[in-house]
Amino acid sequence: MSTAQRHGIDEYLETIYFLAFPIGEYRPRGSGGGHPTVASRVAEMLGVSRASAGEMLKRLEAEGLVERGEQKQAILTVTGRARAEKVVRKHRIIECWLTGFLGYTAGEAHIHADELGDSFTEDMIERINEKLGRPERCPHGWPVETAAEQAENAELAPLAELAAGEHATIVRLAEHDGDLLHWFYDQGLVPGVEIEVRAAQPEAGQFVLALPEGERSVADKAAAGLYVRRIA
Ligand SMILES: [Zn+2]
């Protein structure tokens, strides 16, 4: 099994989708076109080589899920986008089931949801969603319905874009890095928590936050993965 196949088609689509609908400075073009995605960023997020990502992107292209732009960007086709949206929605519903019904922590839920993605039929996902009372968000703050997620993107910013003195509420946590996700929970940096930026030195990749329980130092990597809503 090649490295590219270690991550299935759906996981690639999930990653391309995440990069196509970013929060913050890289806004999606127009209402729903999506931002082109560079193969190397896909490789970086999945922790695979560029060669492996390139191999898989060729396969996605052959299956009509992705088109390559002029700079070899990976752009979701209409079919690819529809499948990616289905995949992320399913992932979020499974996460809600893992935390709300099986008692897993939010930190554990993401990786287990990835493992279980293929095990449930569409009908099972709808039944789980109903049983859970149609949860609005996954445990990490991402709206279950992708239309709601995309509409909300414009209201949010990565913490890394905030200046000292700004107040904000944490809304969503980046999930693709399991260790970072656990760190967020260990530090109390979770959805719903209000923070104040005490110091921001983006040049040095350092931020100091005031939380209800005290101050936290946050490095660049973490500041780029905390999505917040500014409080005026
Ligand atoms: Zn989640």
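Coordinate-derived values only; no laboratory data. These numbers come from a predicted model, not from an experiment. A quick note on method: Cβ atoms are made from the backbone with ideal geometry, for glycine too, and the neighbour counts reach across all protein chains shown.
Would the stretch 157-231 count as rounded, prolate or oblate if I go by the C-alpha gyration tensor, calling it rounded below 1.5 in a/c and otherwise prolate when a/b exceeds b/c, oblate otherwise? Rounded, since a/c falls under 1.5. Helix 9-20 axis versus longest C-alpha principal axis of the chain: approximately 50°, rounded to the nearest ten.
Answer rounded, prolate or oblate for the stretch 81-153, using the Cα gyration tensor with square roots of eigenvalues a ≥ b ≥ c: rounded when a/c is under 1.5, else prolate when a/b is larger than b/c, else oblate. Here the stretch 81-153 falls in the rounded category. A simple charge model with +1 on the Cβ of Lys and Arg, -1 on the Cβ of Asp and Glu and nothing else charged puts the dipole of the chain at about 480 debye relative to its Cα centre.
Once C-alpha pairs closer than 8 Å and six or more residues apart are averaged by separation and normalised to the residue number of the stretch 80-232, the relative contact order reads 22 percent. Put a plus charge on the Cβ of each Lys and Arg, a minus charge on the Cβ of each Asp and Glu, and nothing anywhere else: the dipole of the stretch 121-219 about its Cα centre is then about 200 debye.
Helix 50-62 and the long axis of the chain differ in direction by around 50°, with both axes built from C-alpha atoms. With a Förster radius of 35 Å applied to the C-beta separation of Leu132 and Arg41, the computed FRET efficiency comes to 0.60.
Which whole-number percentage describes the relative contact order of the stretch 157-231, with Cα contacts under 8 Å and a sequence gap of 6 or more?
Working: 147 pairs, mean separation 33.2, N = 75.
Reported relative contact order: 44 percent.
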